[in-house]
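The values are calculated or read from the model by the stated rules, or taken from the named source; none is laboratory data. Bear in mind that the values here come from a model prediction, so they are computed numbers and not experimental data. Neighbour counts run over all protein chains shown; Cβ positions are idealised from the backbone, glycine included.
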Amino acid sequence: MLELHRKVRMCVTDGSTAGGTLPPEATEKFNTWGGWPAMRGLSRWYELEVICKGEPDNTGYFINITEIDNAVREEVLPYLQDMISGPIDPASIPLGEVMRGIINNLQPLLNETVAEARLNLTPMLSLGMESEHMDRVIIRHQYEFSAAHRLHCADLSDEQNIKIFGKCNNPEGHGHNYVLEVAISLPVDPMGEIATVEELDELIDTTVIKPFDHKHLNKDTPEFADLNPTVENISKVIYEKLAPKVDDLGSMPGSELVEIKLWETQKTACTYKG
């Protein structure tokens, strides 16, 4: 069984696609990489990642990516437009119901192959739902903190530490702007509501950002007083700090920490799933 991932970018403008009809100037697909329909005034930009599962036939395809593109723009684009342009404040629309609607709208056009949909609301925030678990939403949100550390193992000699860690063993330490992505699975209540992003932000700020931001991890944090603060160990510590607190997120019990991913640099990241 293969998974095919396809990202479709689009800009939704209030009133521009009501009933699924695009204005004449928006019908040509000139730049689907940047997003089509294109940005018009203060539009809303979305990126939808559709993950399909299947077995290829003699063509090597089980579904053509053009079918995915067309399905998103024929069904999801007007679906989002109708909600944004409707009488309900978009900020109060139940996000769990939005994700269910996206999957339900896509399945008939994509031969029931949709395994998951991820709606990227911003470059740092996405909502995901699996077709087999439509009672849950996965929020992925990114955060940043700055911290210094020294890579050093007390049970190794100075020569061994320098050989293993090189300049990262500098006695004065060095710093990073860490980027942290937290993925949390949340139950969807009968009305489609899920815990708010603000609740997640408060949890991360209290549990991770404030204790670690602008700190020397070796010197200022008890977690790394005797633990070498590699990106691997930092990832594991963050997961273990968050996991027992996630169940209290929101008004409904049953939230779960899926994984955390920590970028030490743009080239180096570590994911920990517990």
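For segment 66-111, filtering for residues that are free of Cβ contacts under 8 Å to residues at least 24 places away in the same chain and either within 27 Å of Pro56 (Cβ to Cβ) or in a loop (DSSP other than H, G, I, E, B) (or both) leaves 8.
State whether the residues of segment 208-215 include one that is within 30 Å of Pro94 (Cα to Cα), in the same structural domain as Ala243 (by TED's automatic domain parsing) and surrounded by 14 or more Cβ atoms within 10 Å (Cβ to Cβ). Looking through segment 208-215, at least one residue is within 30 Å of Pro94 (Cα to Cα), in the same structural domain as Ala243 (by TED's automatic domain parsing) and surrounded by 14 or more Cβ atoms within 10 Å (Cβ to Cβ).
Taken over segment 69-90, residues that are surrounded by 20 or more Cβ atoms within 10 Å (Cβ to Cβ) and small (Gly, Ala, Ser) amount to 1. Return a yes/no flag: does segment 112-121 have any residue that is of a type outside the set (A, V, I, L, M) and outside any strand (DSSP E or B). Yes, segment 112-121 contains at least one residue that is of a type outside the set (A, V, I, L, M) and outside any strand (DSSP E or B). For segment 184-198, the count of residues that are in contact with a strand residue (DSSP E or B) (Cβ under 7 Å, 6 or more places away or on another chain), more than 20 Å from Ile234 (Cβ to Cβ) and assigned to a helix (DSSP H, G or I) is at least one.
Within the bounds of segment 207-222, is there any residue that is among the charged types (D, E, K, R), out of contact with any Phe, Trp or Tyr (no Cβ under 6 Å at 6 or more places or on another chain) and closer than 28 Å to Val137 by Cα? Yes, that holds for at least one residue. In segment 237-270, of all residues being charged (D, E, K, R) and in contact with a Gly (Cβ under 9 Å, 6 or more places away or on another chain), the one that is surrounded by the most Cβ atoms within 10 Å (Cβ to Cβ) corresponds to Glu259. Across segment 239-268, the qualifying residues are those that are assigned to a strand (DSSP E or B) and either among the acidic types (Asp, Glu) or not assigned by TED's automatic domain parsing to the domain that holds Met191 (or both), and the one among them that is modelled with the lowest pLDDT is Glu256.
Put simply, of Asn228, Asn218 the only residue that is touching a residue at least 24 places away in the same chain (Cβ under 8 Å), surrounded by 13 or more Cβ atoms within 10 Å (Cβ to Cβ) and either not in a helix (DSSP H, G or I) or not assigned by TED's automatic domain parsing to the domain that holds Ala183 (or both) is Asn228. If I filter segment 56-68 for residues that are at pLDDT 90 or above, within 23 Å of Thr13 (Cα to Cα) and surrounded by 18 or more Cβ atoms within 10 Å (Cβ to Cβ), do I get at least one hit? Within segment 56-68, one or more residues are at pLDDT 90 or above, within 23 Å of Thr13 (Cα to Cα) and surrounded by 18 or more Cβ atoms within 10 Å (Cβ to Cβ). Scanning segment 135-168 for residues that are in contact with a Leu (Cβ under 6 Å, 6 or more places away or on another chain) and free of Cβ contacts under 8 Å to residues at least 24 places away in the same chain turns up Phe165, Cys168.
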